[in-house]
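Below is one structure, written out as structure tokens; the observations come after it.
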Amino acid sequence: MEMKLIADCGSTKIDWALCDDVRGIETFNSPGVNPVFMEPEEIYESFSKAFDTYLLGNKQVTEAFFYGAGCIGKNIEKVTQVLRKFFPSAMVMVSSDLLGAARALFHHEEGIACILGTGSNSCLFDGENIVKNVPPLGFVLGDEGSGAVLGKQLINKIYKGQASDELRLAFEKETGLTLPEIISNVYHGAMPSRFLASLVSFASRHIDDATIERIVVDNFASFITNNVAAYGRKDLPVSFVGGMSLSFEKQLRQVVSDAGYIMGTILAKPIGGLIDFHTACS
């Protein structure tokens with residue numbers, strides 16, 4: 001039986017789906033990989049553990065579609081070569097997570113696809129390819145709308161006296177963080193963006209606080225102004241994947257509407273849309 005292997009890969013986790021020719025589906029997860037920071041041997045070892053666990057060696061994979069963070073330029077070939085070691089006779093396609101988001105959200109229709117998670121990204125999608133992408137630039141220089149930027153702005157408001165004492169006390173109690181620990185995590189930690197994005201859960205629980213809601217709204221508005229507006233296509237729907245878009249869906253829908261755009265779809269993860277995209281192509 002012919003099988004399609006589909007993957008949506010981030011630096012933290014990979015969502016895998018194995019689909020047969022009658023659309024039977026098995027799904028599983030494994031630790032994320034990023035070819036920007038990992039050598040082929042490390043990626044191979046990670047995949048090997050996942051495939052051994054889920055017995056993919058006993059499956060006839062004829063097509064493999066892998067969408068991943070960092071899968072651009074020369075890093076595409078790095079991941080492609082690893083997958084071909086496991087599936088030498090399969091057709092292997094490796095693409096960016098942004099193309100994966102666009103296909104999951106729009107299939108073969110035009111639209112503006114956006115990722116709002118720890119970081120952020122966006123593109124103009126013509127139904128087949130990404131035709132324009134505003135570089136996100138990371139949480140120091142950009143990443144508007146992201147969890148990392150929300151965390152950064154939250155800390156700024158709390159410790160520069162622009163939030164209530166009640167909010168600051170609640171923050172310190174619920175997170176267990178002190179200001180020196182925050183500074184250490186941001187300036188000396190291994191993953192400062194992930195640390196900052198971890199504060200989204202606190203913001204979500206306290207969204208009724210006026211200061212937090214303003215941070216969320218301003219963060220999304222900045223994303224629209226600095227990224228989506230550059231595409232100049234208010235005639236197209238703007239759709240989103242990622243935890244930020246779901247955690248603050250009400251605020252996001254309002255910001256998109258206020259900016260004069262067409263609100264499209266919100267997905268927690270791309271994998272479901274990618275399964276639909278690739279099985280519909282059968």
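The values are calculated or read from the model by the stated rules, or taken from the named source; none is laboratory data. Note that this is a predicted model, so its numbers are computed, not measured. A quick note on method: Cβ atoms are made from the backbone with ideal geometry, for glycine too, and the neighbour counts reach across all protein chains shown. Calculation scope for accessible area: heavy atoms of the full protein, side chains included, ligands and nucleic acids excluded. Shrake-Rupley method; radii C 1.70, N 1.55, O 1.52, S 1.80 Å.
Tabulated data for the structure shown
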read-out	value
Contacts under 7 angstrom Cβ, first residue in the stretch 92-107 being free of Cβ contacts under 8 Å to residues at least 40 places away in the same chain, partner part of a helix (DSSP H, G or I) and buried (at least 23 other Cβ atoms within 10 Å of the Cβ), 6 or more apart	Val94/Val79
Residues that are out of contact with any Phe, Trp or Tyr (no Cβ under 7 Å at 6 or more places or on another chain) and of a type outside the set (Asp, Glu), drawn from the stretch 101-126	Ala101, Leu105, His108, Ile115, Gly117, Thr118, Asn121, Ser122, Cys123
Qualifying residue in the stretch 76-88 (condition: out of contact with any Leu (no Cβ under 7 Å at 6 or more places or on another chain), acidic (Asp, Glu) and not in a loop (DSSP other than H, G, I, E, B))	yes
Verdict on Leu179 being out of contact with any Ser or Thr (no Cβ under 8 Å at 6 or more places or on another chain), in contact (Cβ under 8 Å) with a residue 12 or more places away in the chain, farther than 22 Å from Val238 by Cα and among the aliphatic types (A, V, I, L, M)	yes
Among (1) surrounded by 19 or more Cβ atoms within 10 Å (Cβ to Cβ); (2) small (Gly, Ala, Ser); (3) outside any helix (DSSP H, G or I) - the single one Ser245 does not satisfy	(3)
Filter pass, Ser239 being touching a residue at least 12 places away in the same chain (Cβ under 8 Å), small (Gly, Ala, Ser) and not in a helix (DSSP H, G or I)	yes
Selection status of Asn34, assigned to a loop (DSSP other than H, G, I, E, B) and under 27 Å from Asn121 (Cα atoms)	yes
Of the criteria (1) hydroxyl-bearing (Ser, Thr, Tyr); (2) in contact with an Asp or Glu (Cβ under 8 Å, 6 or more places away or on another chain); (3) without any contact (Cβ under 8 Å) to a residue 60 or more places away in the chain, which one Ser222 fails	(3)
Selected residue (criterion: surrounded by the most Cβ atoms within 10 Å (Cβ to Cβ)) from residues of the stretch 253-279 that are over 24 Å from Val94 (Cβ atoms), touching a strand residue (DSSP E or B) at 6+ places or on another chain (Cβ under 7 Å) and of a type outside the set (Ser, Thr, Tyr)	Val256
Residue ID - surrounded by the most Cβ atoms within 10 Å (Cβ to Cβ), chosen from residues in the stretch 61-93 that are under 19 Å from Asp15 (Cα atoms) and among the hydroxyl-bearing types (Ser, Thr, Tyr)	Tyr67
Qualifying residue in the stretch 234-242 (condition: more than 19 Å from His107 (Cα to Cα), hydrophobic (A, V, I, L, M, F, W, C) and buried (at least 16 other Cβ atoms within 10 Å of the Cβ))	no
Number of the exception - Leu99 against (1) under 22 Å from Ser46 (Cα atoms); (2) open to solvent by 10 Å² or more (accessible area, probe 1.4 Å)	(1)
Answer residue from the stretch 143-161, given it is in a loop (DSSP other than H, G, I, E, B) and farther than 27 Å from Leu246 by Cβ and is least open to solvent (accessible area, probe 1.4 Å) among those	Gly161
Residue among Ala113, Ala104 that alone is crowded, with 16+ Cβ neighbours inside 10 Å and assigned to a strand (DSSP E or B)	Ala113
